[in-house]
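Single-structure report; data block below.
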Amino acid sequence: MKFAFLVHPLSHESIALVELNDGNALANRWRGGDLLDFCGILHQTMTGTNASARPEPRVRVIDHLTGLVSQRGAKCDGRLYEIPMGAAEILDDPVRAMGYMEQAVQMAAEWGAGIIGLGSMTSVVGGQGTYLAERTPVPITTGNSMTVFAAIENLRHACQEAEIDLTQQTVAVVGIPGSIAAAAARLLAPEVGELLLVARRSSARATKLAAELGAELLLDIPAALGRARLVVSATSTGSCIDQADLKRGAIVVDVGVPADVQGSAAERDDVLILSGGLTQVPDCMPRDSMFLGFHHGMVPSCLGETINLALENRGEYFSLGRDLRPEAVREIGAIAVSHGFHFGRLMSFGLALSDSQLARYRKAVTRARLLSTGSQLKKQSSANGNGHHENGHASAGYAETNGHNGHSPANGQAMTAGYGESNGHSATNGHAQSNGHASAPHDAASAPSPSDLAPRAGALYGRYVNPVLMAVGGKAGFARTFVRGHRNTLWDSEGREYLDFVAGFGSLNLGHNHPRVVKAIQEALAHEAPGYAQSAVNPYAAALAELLVSLSPAGLEMVFFANSGAEAMEASLKLARLATGRTGLLSCDRSYHGKSLGALSVTGNAKYQKPFGPLLPECSTVRYGDLEALTRAVATRQFAAFIVEPIQAEGGMIVPPAGYLKQAQEICRATETLLIVDEVQTGLGRTGSMFACDKEGVEPDILALAKSLGGGLMPIGAMLARRDLWHKAYGSLYTFALHTSTFGGGSLACAAGLAALTAIVDEGLVENARQRGEQLRRGLERIQQTTDPVIKEVRGEGLLIGLELFPLRSSIVAHWKQNDPSGVMQYLLPDADGLAQGMPTMYLLQTLLTQHGMYTQIARSNQQVLRVQPPLTITEEEVDRFLLGVEQTCREIEASSSLVDGLISKSVAGHHDASGSTGGAVLSFQTMARVAPPRSGAKQPE
Ligand code: PMP
């Protein structure tokens, strides 16, 4: 159906813009692509240089919305007809305005419109469409029902974002008894804590509505704003809300035309001002028109209603007059949603509300409350003279007590959510009730479970921790929210189960929540072991040091406790410099020793180093496994130490030639260069011996440990060193405290470490790593031999295995690059080729995750290598399950890549047009996946 929509210029700028676009000139110039030319013309017009050229006032078509298709495939075409009067002029002279509107309706009827919508002020004058409705054969709608729907959806969505419970709130609806405000008030009344109706002057309609809804009627906007945190505003006067009058944390949904909130930008961080009457058109809808393309497809909902009625072929007087029907509001909302219109995008002063604005809002609201609550609690407790009580209740006070209903939903969650008042958690997690101590002070502070926190976790991660990870990993589905881990299994927030073949990059040799480690931590807590007491003796640290020394290679007798692998490396590098008096540091290419500046300086990976330079001077690398290069380098006697991993795990599970480490030790000794062996990842049983360097009987001068030393639960790292070296560096009153760390050697971490080491030994996990490693290697090698060409190499030792896949076939990479519609992909992504090469491995990772419930990751420094690194507690049956998943997926990769390669290379034209055979999609790896044979057809292992 065809539709028409009546509009009028909203501002000086919009007049200029429409002038400029007369005859689609703007769009044409824009399409010409000369940005400077475009800006010049725009500027000229805006500054009014062209004003004299403006034509006589007349009704005219200012935009064509042609070929609109909804998500359900419904179609319509439309035109925007402009009345040559501004908002104030229309209100001043409604009679003249009605004349123009009748003309526009006439033109639309002649064009064949089946429904006519009224935009902005054209829906206010003439009795909200009733005058026109009597004078035209074409049905009229004001579109106001959908505007009400949008406003309420916006309010709900904003409350969700701000964790505000609508049912506990005072909400003011400004603009009573206008049609939009009245309908919004009717719909909100049953849902909100308290409703205030706000009118400019008293009227019988307003009083009647207040009585009907049991709401208070106020005639003073500032007074209403002082009471309500949530405001829906829909007046036709505009500028009636001063931002300064809003409560802290207020949210205003403004559908007023012109806008009700004063100013052209938010003036305070602690309030949200939303353009609440907008809707987002479906993604599939063409945006050729200037209007639909504007603001990335956000349109006023009154236009949205008109489009939806046209899509439904409903030439009806849908929204007319002052009394909008609540059922009509719900109905048009449901229709719009079914056609793919969205109401979840929050806009403020014409722009999408950014994560940063939301974060500032939350911070402004939360900080002020937390700080004032804290000081109130202090005052209260000193008045009570009960210091202990104060501590017990501290977190209970963080949640805001809503003055109007006096509820106090406080629990530990309130602190987490910060700004939340009565958030869902407090009612549902039931901590306080479940243990039968509802009134005990500590219950209020009980910690939330991962599942309690999971629903918001992805969004919070994207906003506060890593937006890129969430944008990419979230969409591709590999950034899961895990809420439980037991032994070798993980569970995500949706209850799906995964075998963990990442094992915390080597931190989970004992699996998740190993009972002995859990018990050790619980018991340390039960003993009230002091967490930290600096320059004093910690019994747990002393015992752990003794055990570490007993288990480690000969010569290592001194222990320094740190908190991570990188810190263990820092300690190692500093000790080496101090003990030798040399400053140079030698390491290997492709090595990985951590990302703090010192550890990074000896990490052989330019990608990680370059952005942070200059790093430590006098650091050099030699090729890993190259003894001659090492000999030449250390002969200079300038290096304090040679730093090496027994297997380069992050570098792609690279195993050096047999005897490399042992010979490296000899070469270093000959030149008094210290040998630092980094066993952060290879240590504690991972490779089938307690330390990887044990295999060749290597005795490092310094050894770095971390990861699984914490038993998978506590962060702890350690440097083990020769006694003489330690004395040279730190053995005097002036030097013994030169290198320290506040948290190093804390009670819980060391208690966990003790339990972890004992469990590894007692449970025979080193031997299990050897046996399961063998099983894995043999299985993977068999898959390698029976799928061709998918797996390039299987390498590693024990349960530190890398599976290197062949890169994507060159024909497919070339095709992918040529078909990049923008042509800029390869320049935008610094490593587009690398990314393409790593696609088969990515596909394996994703398929294992989504189809087989196996969690794996890719080696940090080599995108073609899948790391196969389960906990050392993995069972024979679990390894078999994993192998089955890998085999099925490798068969898919084998089948699909040869199919796609065939499609490309055998195409008649020499280059393949993918549209025929793959449904119009550019051949990507996703397409490859789609053309892969059905999973059930995958060959089972013999
Ligand atoms: N060294 C090696 C060999 C590692 O594998 C790692 C971590 N992957 C580190 C050092 C750094 O450890 P962390 O991330 O705990 O700083």
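The values are calculated or read from the model by the stated rules, or taken from the named source; none is laboratory data. Just so you know, these numbers come straight off a predicted model, no measurement behind them. Glycine gets a Cβ as well: all are built from the backbone with ideal geometry, and neighbour counts include every protein chain shown. The protein model used for the area step is the full one, side chains on, heavy atoms only, and it has no ligands, DNA or RNA in it. Shrake-Rupley method; radii C 1.70, N 1.55, O 1.52, S 1.80 Å.
Some observations on this one:
- Options Met558, Met569; residue that is away from the ligand (no atom under 13 Å from the Cβ) and touching a residue at least 60 places away in the same chain (Cβ under 8 Å): Met558
- Residue in region 594-604 that is more than 13 Å from the ligand (Cβ to nearest atom), open to solvent by 40 Å² or more (accessible area, probe 1.4 Å) and not polar (S, T, N, Q) present: no
- Residue list for region 633-652, restricted to those being out of contact with any strand residue (DSSP E or B) (no Cβ under 8 Å at 6 or more places or on another chain) and away from the ligand (no atom under 16 Å from the Cβ): Ala635, Arg637
- Members of region 857-870 found to be open to solvent by less than 10 Å² (accessible area, probe 1.4 Å), in a loop (DSSP other than H, G, I, E, B) and within 16 Å of the ligand (Cβ to nearest atom), listed by number: Ala859, Gln869
- Checked across region 574-582, the condition of being more than 16 Å from the ligand (Cβ to nearest atom), part of a loop (DSSP other than H, G, I, E, B), modelled with pLDDT of 95 or more and out of contact with any Cys (no Cβ under 7 Å at 6 or more places or on another chain) holds for at least one residue.
- Residues in region 312-353 that are more than 30 Å from Asp270 (Cα to Cα), open to solvent by 30 Å² or more (accessible area, probe 1.4 Å) and of a type in the set (Phe, Trp, Tyr): Tyr317 only.
- Across region 286-310, the number of residues qualifying as surrounded by fewer than 24 Cβ atoms within 10 Å (Cβ to Cβ) and either in contact (Cβ under 8 Å) with a residue 60 or more places away in the chain or in a helix (DSSP H, G or I) (or both) comes to 11.
- Out of Asp589, Asp626, one residue alone is farther than 21 Å from Arg669 by Cα, charged (D, E, K, R) and away from the ligand (no atom under 14 Å from the Cβ). It is Asp589.
- Taken over region 111-128, the criterion of being within 14 Å of Arg79 (Cβ to Cβ) and more than 40 Å from the chain's Cα centre (by Cα) is satisfied by Trp111, Gly112, Ala113, Gly114, Ile115, Ile116.
- Lone unmet requirement of (1) open to solvent by 20 Å² or more (accessible area, probe 1.4 Å); (2) of a type in the set (Val, Ile, Thr); (3) touching a strand residue (DSSP E or B) at 6+ places or on another chain (Cβ under 8 Å) for Thr130: (3)
- Any chance Asn563 is within 16 Å of the ligand (Cβ to nearest atom), under 30 Å from Met854 (Cβ atoms) and of a type outside the set (Val, Ile, Thr): no
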